[in-house]
Structure formats: C-alpha cells, structure tokens
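Below: one structure, written as structure tokens.
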Amino acid sequence: MTLRILIVEDEIIIARFIEQQLKTNFSCTTQIALSAKEAQVAMENFQPHLLLCDIHLEEELTGITLVTELRQQYYFEVIYITSYQSRPIIEKASATNPANYLIKPIDEAQLYAGIQLVLPKIQNQPQSGKKPEAPDALLNETELRILQLIREQKTTKEIAADLHLSPYTIKNHRHKICRKLELKDENNALLRWALENNYPAGN
C-alpha cells in the first residue's frame, strides 16, 4: 500500500525536510501545503490517508481548527507537529482524535517512530477522500438513536435494554449502519466514527 501524506507546514524548510525523510523511509507519495487554504484544496485533489499538520500556522486558522473542519468532510488520520507543550493546547488538539504528536524540533528518528506507530491503523482501515452524506440522510430513526447511544459508549446489551430490542437485533442494526457509512464492520468502528465526526453534534 502506498500512503498519501499531506504535510501542512508553513515553514518550507521544515516541510521539505519532512518530505525527504518520508520518501526515504516509507512507500508514500507526498504533497506540501504551506497554508490552510492550500491544505483544503489538496484534500479535495490528493485525498491523503495521513496529515502531518503544524498546530501553529501563520494565519487566523490554526492547525487544530483546520483539522476540525476537514474531519467533517474527509477521512484521514492526523499527526500534529507542534512546538507547544502546554496542557490547554494538547487538550484542545486531543479533541480532534489525533493519531500522534511530534514535538519540534523534529529529527529523523522521531519522525520515523511517529509514522510507524500510525501505520497499522491506516493499513487496517485505509480510508481516504470525501465522506458520504450526513447520517441523518442515510439512517432511519432507530439507527440514528443507536448511533447516539454508541457515542455515549453504551454496550450492545445496554442499547438493547434502552430500546426494548434484543441484542441480536442491535447487532444487525450495527452491521447495517457500518455498511451505510462505508465503514469496516469491526470493533469500535462506529464509536471511533462518532467521536471523530462529533456526531451527534454537541455530545
């Protein structure tokens, strides 16, 4: 599998160093985006599996805000690149469910380890590109309620009790939801999807 990796970094020297290391150590194709606007265009055309995204971009839109917006439209994993180590920044970044963090200054060993740890997750579920329609348009009322309860981290038995249905029926609904959302039918796939997409909003 050839990874598509988008490097979102406004310092071109750092971006070129990262790109060189990636091409040396991994089977991948890369693009560099020097701004949030370039990143938004690249997401549409390049459809990366992985973003390496600087938290501090020299513009109003931070890397965290950019990732939050892109999560609503695209499938991808993200590794943040940052010189920030303050708890509030890390907590805010964590809300976007990143795969990893790399602290500047980045060296070859750190970059290699950071990517290597994320590879199994991407290879097991190599989704990229645009997401399907919003679940409200794809799922029926029961399926939407089940997805909400999954977001609340309830088990199949607990969901069955809440909805007065059998666990077998809930399992069938989960399979159908995965199929409609184009997800692999595996453990925690729906919970991971709900958390990454902040669905339902406000939870």
Exercise. Across segment 102-114, what is the number of residues that are in contact with a helix residue (DSSP H, G or I) (Cβ under 7 Å, 6 or more places away or on another chain) and assigned to a helix (DSSP H, G or I)?
Worked result: 3
Exercise. Which one is nearest to the chain's Cα centre (by Cα) among residues in segment 70-101 that are exposed (fewer than 15 other Cβ atoms within 10 Å of the Cβ) and in a helix (DSSP H, G or I)?
Worked result: SER94
For this session: Have a look at GLU186, GLU158 and point out the one that is at pLDDT 90 or above and not assigned by TED's automatic domain parsing to the domain that holds VAL67.
Result: GLU158
Problem set entry | Number of the condition not met by ALA42 [criteria: (1) surrounded by 19 or more Cβ atoms within 10 Å (Cβ to Cβ); (2) closer than 17 Å to ARG4 by Cα; (3) in contact with a helix residue (DSSP H, G or I) (Cβ under 9 Å, 6 or more places away or on another chain)] | (3)
Exercise. If the Cβ limit is 7 Å and pairs must be 6+ apart or interchain, which residue in segment 19-43 that is farther than 19 Å from ILE64 by Cα pairs with which residue that is assigned to a helix (DSSP H, G or I) and among the hydroxyl-bearing types (Ser, Thr, Tyr)?
Worked result: ASN25/TYR112
Exercise. ARG192 versus (1) closer than 25 Å to ILE5 by Cα; (2) at pLDDT 90 or above: which is the lone unmet condition?
Worked result: (2)
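The values are calculated or read from the model by the stated rules, or taken from the named source; none is laboratory data. Everything numeric here is computed off the predicted structure, so don't read it as measured data. As a convention, Cβ positions derive from the backbone with ideal geometry for all residues, glycine included, and neighbour counts pool all protein chains shown.
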